[in-house]
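One structure is given here, and the rest of the page talks about it.
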Amino acid sequence: MVGFGIAIFVGVLLGFLIGSSRVAYAAVYPLMVGFNAVPKAAIVPILVVWFGIGIGPGILTAFLISFFPIMVNIATGLATLEPELEDVLRVLGAKRWDVLVKVGLPRSMPYFYGSLKVAITLAFVGTVLAEMTAGDSGIGNLIQTAGSQQRMPLAFAGLVAISVMAMAMYELFSAIEKHTTGWAHRGSQAA
């Protein structure tokens with residue numbers, strides 16, 4: 001959850017910066033795509049060398065694997081703001097900052113919640129991957145130990161626990177999305 005929290009903060013910040021400027025979008029977005037293409041499993045051993053065995057690599061792997069969807073969706077939500085809408089708001093006296101904060105960010109909220117639902121599952125994957133590779137505790141370490149001792153029920157219990165936690169977080173974000181962005185979904189007024 002710590003890595004996921006950092007991913008939300010960094011993803012929203014980078015997404016806002018990239019989505020609010022055409023120059024930043026053109027310059028930084030391809031770099032982020034290239035970074036995301038690097039297999040995170042290949043980064044875990046480097047993180048272990050830098051930060052040692054323990055919770056650090058798990059937090060960083062959760063962050064690295066989950067911030068990209070958040071950043072991309074915020075940037076896309078802001079970058080796809082209709083030019084006609086911007087022109088009308090500018091004619092009415094709105095500054096660029098006003099357009100981004102009062103129209104762009106609310107318009108990006110459905111994208112944001114969609115990215116959170118994807119990113120939370122990725123955060124669990126990243127944490128378990130790091131725990132299996134370099135952890136001295138956690139569910140990933142439990143699965144790894146149980147598998148090496150051929151205690152399959154315990155290994156499957158770890159997998160079920162991860163799945164339940166991910167589904168619970170997914171549903172939490174779905175509920176928050178439903179209550180905060182109901183205006184953005186078709187048919188929500190009829191329901």
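Each value in this text was obtained by applying a stated rule to the coordinates, not by laboratory testing. Just so you know, these numbers come straight off a predicted model, no measurement behind them. Because the Cβ atoms are built from the backbone with ideal geometry, glycine has one as well, and the counts that use them run over all protein chains shown.
Points to keep in mind about this one:
- Candidates ALA119, ALA62, ALA166: whichever shows maximal mean-square fluctuation once the chain is modelled as a Gaussian network with Cα springs under 10 Å: ALA166
- Among GLY138, GLY93, GLY15, residue whose mean-square fluctuation peaks in a GNM of the chain (springs only between Cα atoms under 10 Å): GLY93
- Relative contact order of the chain, taken over Cα pairs closer than 8 Å and 6 or more residues apart, is 25 percent.
- Förster-model FRET efficiency, 45 Å R0, LYS102 and ALA37, C-beta, rounded to 0.05: 0.80
- GNM flexibility winner over the chain from LEU105, LEU92, LEU129 (Cα, springs under 10 Å): LEU92
- Stretch in the chain that is longest and holds no trypsin sites (Lys or Arg not before Pro) that DSSP places in a loop and that have at most 14 other beta carbons within 10 Å: 1-94
- ALA26-ALA157 FRET efficiency (beta carbon distance; Förster radius 45 Å; 0.05 resolution): 0.40
- Order of THR145, THR181 under a 10 Å beta carbon neighbour criterion, fewest first: THR145, THR181
- Projected label distance in nm at ALA175 and LEU92, using a 7 Å step from Cα toward the beta-carbon: 3.5 nm
- Spin-label pair ALA168-GLU82: with each label point 7 Å from Cα along the Cα-Cβ axis, the two points sit 4.2 nm from one another.
- CD proxy at 222 nm, helix term only [per DSSP H run n ≥ 4: -39500 (n - 2.57); per residue of the chain; nearest 500]: -27000 deg cm²/dmol
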